[in-house]
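None of the figures in this text is laboratory data; all of them are computed from the coordinates on show. Just so you know, these numbers come straight off a predicted model, no measurement behind them. Virtual Cβ from ideal backbone geometry, glycine too; neighbours counted across all protein chains shown.
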Amino acid sequence: MIGDFAANVIGVLGSMLIVFAYAYNVYAKSVDAYVYNGTNLLGAILLTISLLVHFNLASLLLEIVWIAIAIGGLWKAYRQKAEPQ
């Protein structure tokens, strides 16, 4: 298992990715769904890893939902790109 310090670093990186994705969504002239949802997915996964060391049920449930939404967003982007125009 990972140590406390590593879990904190991983959690902070995950938080930074999620905040970056939010800022990207708000301020970008055009949002790439793969970048937005992929960044959210990676951030949520990192936060989930951190939560396995510093457990908090409410936060873990939130991250699981965040992961599911990001995967859904990636799937939607893939399907839209695959559809003939």
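Couple of notes before you dig in:
- Stokes-Einstein translational diffusion, the chain - Kirkwood Rh over all Cα pairs, 1.567 mPa s, 4 °C, in µm²/s: 96
- Computed extension length for residue 56-residue 35: 4.8 nm, one decimal, from 0.36 nm per residue of separation with the Cα-Cα distance subtracted.
- Dipole of the chain, positive direction: furthest Cα of 23, 9, 62, with charges on the beta-carbon: 23
- Those chymotrypsin sites (Phe, Trp or Tyr not before Pro) in segment 5-85 that DSSP places in a loop and that have at most 12 other beta carbons within 10 Å: 55
- Taking the number of Cβ atoms within 10 Å of each Cβ as an exposure proxy, the fewest-first ranking of 16, 1 is 1, 16.
- From helices alone, the chain scores -29500 deg cm²/dmol at 222 nm; the rule is -39500 (n - 2.57) for each run of n ≥ 4 DSSP H residues, then divide by the residue total.
- Helix 57-82 axis, angle to the chain major axis (alpha carbon atoms, nearest 10°): 20
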